[in-house]
Amino acid sequence: MPEQVLVVLNQPSADAPPHIQGARPFEAADPAAPLVRPLDLGLTRGDGIFETISVVHGRPMALDHHLRRFAASAAKLALPAPDVEAWRSAILAAIEELGSVEEASVKTVMTRGVEGDGRPTGWVHASRSPDYGGVRREGIRVITLDRGYRHDVERTSPWLLAGAKTLSYAVNRSVLREAASRGADDVIFVSSDGFVLEGPTSTVLYRLGNRLLTPGTGLGILDGTTQASIFRYAEGRGFETGYAQVRPAELRRAEAIWLVSSVRLAAPVRELDGEEFPVDAELSAGINSYLLELG
């Protein structure tokens with residue numbers, strides 16, 4: 001079975017012309033071969049969107065939710081609307097070609113294409129996932145960093161694209177380098193006016209007694225696909241779930257914290273800003289087992 005699979009869409013949006021008239025909706029391509037044109041705005045400007053979808057034993061997790069979020073990000077960037085069914089078919093074809101490996105991921109990418117061309121570029125890349133078993137059991141060291149925006153930036157400044165999953169990821173990579181320089185593995189962003197937001201590639205989840213909570217919506221953060229699945233699991237176990245605006249001092253009073261994402265799943269926080277933090281090993285194991293069973 002291949003280690004990775006690449007599928008290129010001929011017409012990523014029904015609102016834009018195809019790249020080749022009469023061609024198939026998508027074609028497999030060599031992942032090592034040149035694909036994107038040098039003047040593609042996804043390369044020169046980071047002008048595009050993406051989603052990363054976890055795949056377990058050949059089944060994509062929360063596919064509909066990811067596709068909805070993909071379309072929502074396109075709308076925020078005023079990109080042509082993704083042809084959701086074309087993307088769904090390309091995703092499933094890539095997964096089938098990769099084979100039923102234990103854990104994999106699929107990344108969907110759509111760019112604005114070459115300036116003035118009017119045709120977005122789109123592709124799907126499927127690959128086997130690293131082993132995150134140790135991280136899921138033992139946890140991660142996390143620091144809090146100021147994101148530099150107020151918590152209401154999504155409402156006051158929609159042109160900043162807060163809450164869209166864009167290709168402009170230089171800041172997200174920079175904060176991880178900052179974390180590494182401080183002996184940490186990951187980051188929790190805090191707004192400039194002091195509210196907990198999200199991680200650079202994850203959603204913040206925390207437990208207060210019998211409640212499982214995440215920062216409130218409308219904070220310029222992504223609508224968490226994995227968090228939504230975890231809430232369904234927690235509610236089935238008798239937990240209350242909900243959204244709450246929380247400050248770092250309140251977060252530190254939680255019994256447990258996780259950074260949750262599509263591929264790594266639920267990573268418990270074992271250290272926060274240099275101080276040890278309790279890990280709920282039993283609940284962490286239950287959450288991750290549930291997420292894997294969804295596949």
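At a glance:
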{"read-out": "Residue match in segment 63-76 (condition: farther than 26 Å from residue 154 by Cβ and touching a residue at least 12 places away in the same chain (Cβ under 8 Å))", "value": "no"}
{"read-out": "Complete set of residues in segment 248-295 that are assigned to a loop (DSSP other than H, G, I, E, B), over 20 Å from residue 222 (Cβ atoms) and hydrophobic (A, V, I, L, M, F, W, C)", "value": "254, 277, 279"}
{"read-out": "Qualifying residue in segment 212-221 (condition: of a type in the set (Val, Ile, Thr), assigned to a strand (DSSP E or B) and either in contact with an Asp or Glu (Cβ under 7 Å, 6 or more places away or on another chain) or surrounded by fewer than 23 Cβ atoms within 10 Å (Cβ to Cβ) (or both))", "value": "no"}
{"read-out": "Filter result for the condition that a residue is touching a Gly at 6+ places or on another chain (Cβ under 7 Å) and in contact (Cβ under 8 Å) with a residue 24 or more places away in the chain, over 2, 12", "value": "12"}
{"read-out": "Residue list for segment 67-119, restricted to those being of a type in the set (Gly, Ala, Ser), within 14 Å of residue 10 (Cα to Cα) and in a helix (DSSP H, G or I)", "value": "86, 89, 90"}
{"read-out": "Considering residues of segment 157-173 that are free of Cβ contacts under 8 Å to residues at least 60 places away in the same chain and surrounded by 13 or more Cβ atoms within 10 Å (Cβ to Cβ) only, the residue farthest from residue 52 (Cα to Cα)", "value": "157"}
{"read-out": "Residue check for residue 231: touching a Gly at 6+ places or on another chain (Cβ under 9 Å), outside the structural domain of residue 110 (by TED's automatic domain parsing), aromatic (Phe, Trp, Tyr) and not in a helix (DSSP H, G or I)", "value": "no"}
{"read-out": "Scan of segment 27-63 for residues that are out of contact with any helix residue (DSSP H, G or I) (no Cβ under 9 Å at 6 or more places or on another chain), outside any loop (DSSP other than H, G, I, E, B) and closer than 25 Å to residue 264 by Cβ, ordered by number", "value": "42"}
{"read-out": "Cross-chain or 6+ apart pairs with Cβ under 6 Å, segment 96-118 first and on the phi > 0 side of the Ramachandran plot, then modelled with pLDDT under 95", "value": "99/1"}
{"read-out": "Every residue from segment 202-219 that is among the aliphatic types (A, V, I, L, M) and modelled with pLDDT of 95 or more", "value": "204, 205, 208, 212, 213"}
{"read-out": "Complete set of residues in segment 235-272 that are of a type in the set (A, V, I, L, M) and without any contact (Cβ under 8 Å) to a residue 24 or more places away in the chain", "value": "249"}
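The values are calculated or read from the model by the stated rules, or taken from the named source; none is laboratory data. Model, not experiment: these values are computed from the prediction. Heads up, the Cβs are rebuilt from the backbone with ideal geometry, glycines too, and the neighbour counts pull from every protein chain shown.
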